Amino acid sequence: MRKLQNVLVTGGAGFIGANFIHYLLAQPQFSGRVINLDALTYAGNLDNLVQIDRRYGAGATPAPANTTGGATPNTDRSGAAPARYVFERADIRDFTAVTDVFKRYEVDTVVHFAAESHVDRSIVGPRAFIETNVNGTFNLLEAARAAWAHRDDVLFHHVSTDEVFGSLGAEGAFSEETPYDPKSPYSASKASSDHLVRAHGHTFGLPFTISNCSNNYGPYQFPEKMVPLMILNALERKDLPVYGDGRNVRDWLYVEDHSAAIWTVLQRGATGETYLVGGENEWENIRLVRAICEKVAAALGEPPQRYTQLIRFVKDRPGHDQRYAVNCGKIKRELGWHQRHEFSSGLDSTIAWYRDNPEWVQRVRSGAYKDWIEANYAGR
């Protein structure tokens, strides 16, 4: 079992990255330090980690008066790591900044979440996906290679997506042996980064593992993604846009189960191996939207029809993959991981979280958060 001391989490202010930091620091077996490296682009939100900073950082400072109660996570300007959590605002596209973080914090483990991740955005503006997902990953790999030389007590874990495998028909599921067949600029950029990680492992001996996950849902997810978008629109009585005929199928995984899978791989995963992680929980998009309507209605004590009537079918997006499904047999069989969250209760918890955190939603949507970041972190 690996001993993790200084864990660099890239994209740790994002949805999955922040949930993973919460999960990791709650594990009694982990006594190390987390370095959260994030560029704080539109989906990076330090509000996701206020509690972490207060408990594990060097101490929080109050948010400015024009915000809604967040705290400023600490960056130690002297170079010494504050307590067990430290935030570094840096862009993985900046090789010098990434190399500096490796040196100052003596990083021995990387968990690489940082990525542009929305398919629709990749269709409108694919360049950012190549620059971040491909070039940024290359920078991290080169920084790790330089810092670690020939060490074998280190690990680069790369978090990827099931979308690299393309689209399934009505039957079957992706496995670790499924050939790559990406269909969007997003999935092509992630496939490229997967290949770069493997190339650094096989060519330079860099110790690595890879996980490809299915669609995540849960707290702290940016409102552009399907589940929070439908929850928030339903709560606000806005239209619920569904692509095409709504028959596209996705496999849904609760984000805490994903965090547990990554923690399991970090501890016991075999170097050079890939593990697929999914919910084994397939839903047609239209069925999922209707289920969200029913659950929101139940939570508010209202008839489901009040929400299902908000569903609007819209023009399908280009190259929309028909179906994803993930076979998790390998990680279950070899590492003993399994899902702990049943979908219905996970969806209830997610809806409750968005209902209970309107200030978080307001700040993410309003742009005030970005103004605060620029005022407080400009030039850092």
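What follows draws every value from the coordinates through simple rules; no lab data is involved. Keep in mind that what you see is a predicted model, and the values were worked out from it rather than measured. Here the Cβ is made from the backbone with ideal geometry for all residues, glycine too, and neighbour counts use every protein chain on show.
Things to note:
- Comparing D316, D91, D38 in a Gaussian network model of the chain, where Cα atoms under 10 Å apart are tied by springs, the biggest mean-square fluctuation is seen for D316.
- Highest-fluctuation residue, Y324, Y243, Y186 considered, GNM on the chain with Cα pairs under 10 Å: Y243
- The chain - share of DSSP beta bridges that are antiparallel (%, nearest 5): 10 percent
- Most mobile of R323, R84, R306 in a GNM of the chain (Cα contacts under 10 Å): R306
- The chain - mean residue ellipticity at 222 nm from DSSP helices (-39,500 (n - 2.57) per run, n ≥ 4, rounded to 500): -12000 deg cm²/dmol
- Legend: helices of the chain (whole DSSP H runs) are marked when their alpha-carbon atoms reach 15 angstrom or more along the helix axis and their mean Kyte-Doolittle hydropathy is at least 0.0; marked are 15-25, 95-105, 137-148, 285-300.
- Proximal charge balance of R237 [Cβ under 15 Å; K/R count +1, D/E count -1]: +1
- Alpha-carbon centroids, the range 135-167 and the range 38-59: separation in whole Å: 23 Å
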